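What follows is a short report on a single structure.
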Amino acid sequence: MKGNTLTRNIAHLALAAGLALVALLLASILQGSADQSYEGFQAPAHYADMLLANEASVRTYVAIDSFFVLFYSALFILLAIALKNADNVWLVAAGLVALLVTSYLDIHENNELLVFLRMAGQGIPPSVEMIHSRALWSAVKFQSSYLSFFLFAFVLPDKTVWERVLRWGLWLGYVPAGILVYAFPSPWFELARFFFMLFGLFMLAWTFHQRAKK
C-alpha cells in the first residue's frame with residue numbers, strides 16, 4: 001500500500017470509528033441502555049431481567065459496537081504500518097498487541113452478551129461466575145486499550161499544533177480519565193473517557209487527512 005493511500009485510509013478509518021462511537025452514544029440516549037450497563041457486576045436475576053427488558057437496545061448496541069471494533073482494529077493495524085521504523089518497531093509492536101487484545105476482548109464481550117440474552121430468554125440467568133468473569137475481563141479490556149493508546153502516543157506525528165494536541169490529549173486526557181473510571185467510579189469520568197476517545201479519533205482523522213493532502 002503506497003504511503004499516500006495508507007494515510008488516506010487511516011483518516012477514513014479514524015472518521016468511521018468516530019462516527020460509530022457517536023452512533024453508540026445516540027443509541028444509548030434514544031434507547032436508554034448501553035453495553036456498559038452489563039460490564040459491571042449485577043445479581044444474576046437482575047442481570048437477566050435487564051437484558052430481557054432491553055433486548056432491542058442491547059442488540060442494536062452490539063451491532064453498532066461490532067462495526068466500531070472492526071473500524072478501530074483496522075485503523076490501528078494500518079497506523080502501526082505507517083508509523084513503524086527501525087527505531088520504534090518494538091514500541092509500535094507492543095502498542096498493536098495491546099490494541100488487538102482489546103479488540104479480541106471486545107468481540108468476546110459482544111458475543112457473550114448475545115449468549116446471555118438467549119439464556120435469559122429461556123429462563124436461565126447467567127451465573128455469578130459468568131457475570132464476575134465478564135466484569136473482570138471488561139476492566140482488562142479497557143486497561144489494555146489505555147496501554148495501547150499510551151504507547152502509540154509516543155510515535156504519533158508531532159509536527160503541527162493539532163498533532164501535538166492529539167498526543168497530549170491521549171496522555172493527559174483519555175488515559176487518566178479511563179483509569180479514574182475504575183479507581184473512582186463516576187458517570188462524569190465515564191463521560192470524560194468517552195469524549196476524549198471521540199476527540200482522539202476525530203483529531204486522528206483530521207491530522208492524517210491533512211497529511212494526505214501534502
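Please arrange Y182, Y47 by how many other C-beta atoms lie within 10 Å of their C-beta, fewest to most.
Y182, Y47
Grab the chain and count how many Lys pairs have their alpha-carbon atoms under 25 Å apart, sequence gap of 8 or more, or different chains.
Close lysine pairs under the 25 Å cut-off: 10.
Which order do D106, D49 fall in if you start with the one that has the fewest other Cβ atoms within 10 Å?
Working: D106 22, D49 14.
Fewest to most other Cβ atoms nearby, the residues stand as D49, D106.
Go through 68-76, 53-61, 124-132 and give me the packing order, highest mean Cβ count within 10 Å leading.
Averaged packing, sorted descending, gives the order 68-76, 53-61, 124-132.
May I ask you to work out the translational diffusion coefficient for the chain at 20 °C, viscosity 1.002 mPa s, via Stokes-Einstein with Rh from the Kirkwood sum over Cα pairs, reported in whole µm²/s?
The calculation lands on 119 µm²/s.
Under a Cβ-Cβ cut-off of 14 Å, what is the net charge of the residues other than A205 that fall near it, where Lys and Arg count +1 and Asp and Glu count -1?
Charge balance in the 14 Å sphere: +2.
Before rounding to the nearest 500, sum -39500 (n - 2.57) across all DSSP H runs of length at least 4 in the chain and divide by the residue total; then give [θ] at 222 nm in deg cm²/dmol. Each step should come with its number before you reach the end.
Working: 8 runs with 171 residues, N = 214.
Result for the chain: -28000 deg cm²/dmol, rounded to the nearest 500.
For the stretch 123-166, just the Cα set please: Rg and Dmax, both in angstrom.
18.1, 58
I need L170, L78, L91 ordered by Cβ neighbour count within 10 Å, fewest first.
In order of increasing Cβ crowding within 10 Å: L91, L78, L170.
Where a number appears in this text, it was derived from the coordinates with a stated rule and is not lab data. Keep in mind that what you see is a predicted model, and the values were worked out from it rather than measured. Using ideal geometry, Cβ is built from the backbone for each residue, glycine included, and neighbour counts are taken over all protein chains shown.
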